[in-house]
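Take a look at the structure below.
Only the coordinates and a few stated rules stand behind these numbers; no lab work does. Owing to the predicted nature of the structure, the values given are computational and were not obtained by experimental measurement. Positions of Cβ are generated from backbone atoms using ideal geometry, with glycine treated the same way; all protein chains shown enter the neighbour counts.
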Amino acid sequence: MKIECTIDGKALSLSVNSNKPLSLILMEDVGNKTITSHCKGNACGNCIVLLNDEAALSCVIPAFRLKDATIKTFESYQKTRQYRDIERAYQATGNTPCPNCFASKTLIIESILQDLTSNTRTKSFGTNNLPLRMEQTDEEKLDKKAIILELSLNTCQCMDMSEMLQIVEIALTYRRRKRVRRN
Amino acid sequence: MYEGIRSPVIHAPKTLSEFAAIAWRYPQATIWAGGSYLMSQSEYYPSEIKDGIIDLGGMEELKKITRNDRFVEIGSMVTASQLLSAGKLVLPDILQETLRTLASQIVRRQVTIGGSLCVPDVRLSLSTTLAVLDAMAEIKYYQGGKVSTHWIPISKLYDREGKLLLGEQKALLTRIRIGLEYGDYQKIVTVEDPIRSTDECVIVAFQAKRSQNSLNKVQFCITFPSKAFHISKDLESKLSGMTLPIHPERVNTLSYELVTELTKMHSAISDLQLERGRRIFESFLHELNAKSLSQ
């Protein structure tokens, strides 16, 4: 099957099996170095990519669903301005995920930040279907339960959940400051 | 790398009549909704897929949510994330809670309602909740060139081990229907992840109507993902009509009756799961008692 899609900013025409998982396409056909394992359904959560700007597990996306899709892996994401917020949060807390899950955890955090800061996207992940903010009036209150559920998608135990939450909170502050400055 | 394995043909019907034609020509084809279950099987790739894949992703008629005065209808290709964003007007609280705890947002964007209900061997929280809500599923059977439509209660879609009972013929779940009359006490509890810790997981859903301190229309379902899908009509009828608060000793007796019933009917359930199920069931009755006393 021939698939036209954009991976890390490059328009590619790939000839692959129609049911091949995206994670394997990235590893074997594209030579991406940030996705290092294919868990074959063990739900390890180490293969997160941004598919059309939304975080997705690449091991459960078949090739035939990739027609005209835009895929961003950690390889290109780490060159963006958004990554700086998370990188600074890692530095501020002195905690970073291990090399195995670094890319995936960073992209999960990016997905959470996008949901917390975006005004236009449908927000549906906090309590009572509200965004991750507990109350719109109090921006500082986050629905930690919903954030933990997101973060637990990656099963690597290298970091404590409270450390991860702290990173999300700090990265969110940087992201908001950036938005204010831009406005 | 995987020489000799042919790339499966992808059939992409746009309408149900196109689907019927494809299903007739390729009876062995795999029906593809969200794909999260199929792709999480260890033998999924590389492997030969006979007659190819029927991708339901382009069928707009399966992606609708409609509501009238009596019920809500949800297309089978609606994702958990889309359904959750439909909000309170459309969904009962217990279903919202189920969808929220089903998986993370990243996974919810991919999981479809039909796909989740049609997983062949593992029962997830959505089936449990919909069984308690008395939801119905529209199933289309394709045999030869003929199509027949049946409305089947979700509770009858599975056998007592929780395996899907759609028969040998090609079948498609097109939509589900949930009535808008439900009890004022609704609760679902899921202990452990049904996919990652299947052997330890317990899912219990409960709903009841309270009127003047008595319980009515009690509906209750307990699921052990790959072992049992249990609805106790006996306990439901015992609880319906009971006056609140229920004496703590009676609560205890009822919970052990549930354990006896489960042990008798499902030998595969572990002691840990049984104890978890019993305690969750008990906690629902204690909560009902507490609510009745605080009124």
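Amide H to amide H, with H built 1.01 Å from N, residue B:34 comes under 5 Å of B:112, B:115, counting only residues 5 or more places away or on other chains.
What number, in percent, do you get for the relative contact order of region B:61-179 if the mean sequence gap of Cα pairs under 8 Å and at least 6 apart is divided by its residue count? Once normalised by length, the contact order is 29 percent. Using only Cα atoms and rounding to the nearest 10 degrees, what angle (0 to 90) does helix B:16-25 make with the longest principal axis of chain B? That helix lies at roughly 60 degrees to the long axis. With the simple spin-label model, which puts each label point 7 Å out from Cα in the Cβ direction, the residue A:118 to residue B:259 separation comes to 4.8 nm.
For an R0 of 51 angstrom, estimate the FRET efficiency from the Cβ-Cβ distance between residue A:157 and residue B:148 and round to the nearest 0.05. Walk me through the numbers on the way to the answer.
Numbers: r = 51 Å, r/R0 = 1.00.
Efficiency, rounded to the nearest 0.05: 0.50.
Counting every other Cβ atom within 10 Å of each residue's Cβ, B:98, A:36 order from fewest to most as A:36, B:98.
Compared with the dominant Cα axis of chain B, that is its longest principal axis, helix B:93-102 is turned about 60°.
Only helical runs count toward this figure. For chain B, summing -39,500 (n - 2.57) over DSSP H runs of n ≥ 4 and dividing by all residues gives -9500 deg cm²/dmol at 222 nm.
Using a 10 Å cut-off around each Cβ, can you sort B:177, A:175 from fewest to most neighbouring Cβ atoms? Please report the intermediate quantities before stating the final value.
On the way: B:177 17, A:175 20.
Arranged by neighbour count, lowest to highest, B:177, A:175 become B:177, A:175.
If I take R0 = 25 Å and measure r between the Cβ atoms of residue B:200 and residue A:95 in this structure, what FRET efficiency does the formula 1/(1 + (r/R0)^6) give, to the nearest 0.05?
Working: r = 30 Å, r/R0 = 1.20.
The computed FRET efficiency comes out at 0.25.
Which entries in the list B:140/B:227; A:20/B:50; A:105/A:144; B:50/B:140; B:14/B:63 go over 18 Å, if you measure between the two C-alpha atoms of each?
On the way: B:140/B:227 27 Å; A:20/B:50 15 Å; A:105/A:144 16 Å; B:50/B:140 22 Å; B:14/B:63 12 Å.
Flagged as over cut-off: B:140/B:227; B:50/B:140.
Fewest first, what order do B:90, B:107 take by the number of other Cβ atoms within 10 Å? Before the final figure, lay out each step's value.
Details: B:90 17, B:107 23.
Sorted ascending by nearby Cβ count, the order is B:90, B:107.
Counting Lys +1, Arg +1, Asp -1, Glu -1, what net charge surrounds residue B:232 among other residues with beta carbon under 10 Å of its beta carbon? Intermediate values should be presented prior to the final figure.
On the way: positive: B:233, B:238; negative: B:234, B:236, B:257, B:261.
Surrounding charge for residue B:232 is -2.
Label point of residue A:15 set 7 angstrom out along Cα-Cβ; within region A:25-40, amide nitrogens under 16 Å from it belong to A:29-30. Considering only B:214, B:42, B:17, the Gaussian network model of chain B with Cα springs below 10 Å gives its largest mean-square fluctuation to B:42.
Rounded, prolate or oblate for the protein assembly as shown? Axes are the square roots of the Cα gyration tensor eigenvalues, ordered a ≥ b ≥ c, and the cut-off for rounded is a/c under 1.5. Judged from the Cα gyration tensor, the protein assembly as shown comes out oblate (a/c at least 1.5, b/c at or above a/b). Compared with the dominant principal axis of the Cα atoms in chain B, helix B:248-265 is inclined by about 30°.
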